[in-house]
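Please read the structure below before turning to the comments.
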């Protein structure tokens, strides 16, 4: 997390849709905003959310009537993206029926919050040759919003993880905000080694087919451009989850799924051993503080951080949202 003014959004309320373990909640509440509603269908993620924030998320958002959701200033969420059955037909949010984005649209249509703050995978930008994102943007515009989008990488915001995501920020037209600037990447010098645990709870890989084919030192290239994963070896054929990286670089993108011996975190050569990241290290590369309570089951913990949002990036965007709102 980054250091912020905890009172900047103290007059704002938000709802947390597709809440996961609460990345948006953590980021917005760090500015003083108050969560008035959360929804998450996965019971294990909801457990983690409750343990950390004292709020039990409601379940499946598709079964919740928009009239039962409290009024709010900001709607946020990292919504799953399915293929839209009708793309680019200019039918407003009817184009999104059968998708989870439709549930965002119907809530927005009813409540008309001031700000929308959404996150999705980078590939949403190009899905169906850009038609899917165009439907999303057109839908929000038809609902009365000025929409801005940008792909940002967590590696450029003080987190040692290569994680590119599409961010969507939209302001209601009544606010008369016509321009918005996403944060400029600050690209601080940080590497995976900086956030490693001293005595991690992590799986060590011991196999006969491990190949380390490259040695690496910090003197090899300027630290200013080291903010990326550095592959130095492989296991088996080097497929997904079988590549080995150096801790002086960044982690690969955490994943909720994926195969291979390094599934979900990747493999790293640390203190002479090949291992995965620990759940706490996964939390750290996503920007979660050490005070955050991690699910006790490793399988769930890895899945939850692989599905989560990067806190530092969210906070950096929120600062720019504040600037656009002229809230001082």
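Provide, for q = 0.10, 0.12, 0.13 Å⁻¹, the log10 of I(q)/I(0) from a solvent-free Debye sum over equal Cα point scatterers in the chain. So the normalised log intensities work out to -0.60, -0.85, -0.98.
Taking the highest mean first, how do the peptides 265-275, 195-205, 303-313 order by number of other beta carbon atoms within 10 angstrom per residue? The partial results should precede the final answer.
Working: 265-275: 18.9, 195-205: 14.1, 303-313: 24.5.
Result, highest mean Cβ count within 10 Å first: 303-313, 265-275, 195-205.
Working note: 222 nm ellipticity from helices only, DSSP H runs with n ≥ 4, each -39,500 (n - 2.57), summed and divided by the residues of the chain, gives -6500 deg cm²/dmol to the nearest 500.
Over the chain, with a Gaussian network built from C-alpha contacts below 10 Å, which listed residue (190, 230, 64) shows the highest mean-square fluctuation? Highest fluctuation of the listed residues: 64.
Reported value for segment 1-49: 59 Å³ per residue, from the convex hull of its C-alpha atoms.
Quick one: compute the contact order of segment 192-292, relative version, from alpha carbon pairs under 8 angstrom and 6+ residues apart, as a percent.
Working: 173 pairs, mean separation 28.9, N = 101.
Reported relative contact order: 29 percent.
In terms of surrounding Cβ atoms within a 10 Å radius of their Cβ, 47, 193, 206 rank from fewest to most as 206, 193, 47.
Mean-square fluctuations from a GNM of the chain, with a 10 angstrom spring cutoff on Cα atoms, peak among 155, 178, 291 at 291. Quick check of the Kirkwood formula: for segment 192-292, what is the inverse mean of 1/r over all pairs of different Cα atoms, in Å? Every distinct Cα pair counted, the radius reaches 13.9 Å.
Sorted ascending by nearby beta carbons within 10 Å, beginning with the fewest, 35, 282 become 35, 282.
Only the coordinates and a few stated rules stand behind these numbers; no lab work does. Predicted, not measured: the structure shown is a model, and the values here were computed from it. Heads up, the Cβs are rebuilt from the backbone with ideal geometry, glycines too, and the neighbour counts pull from every protein chain shown.
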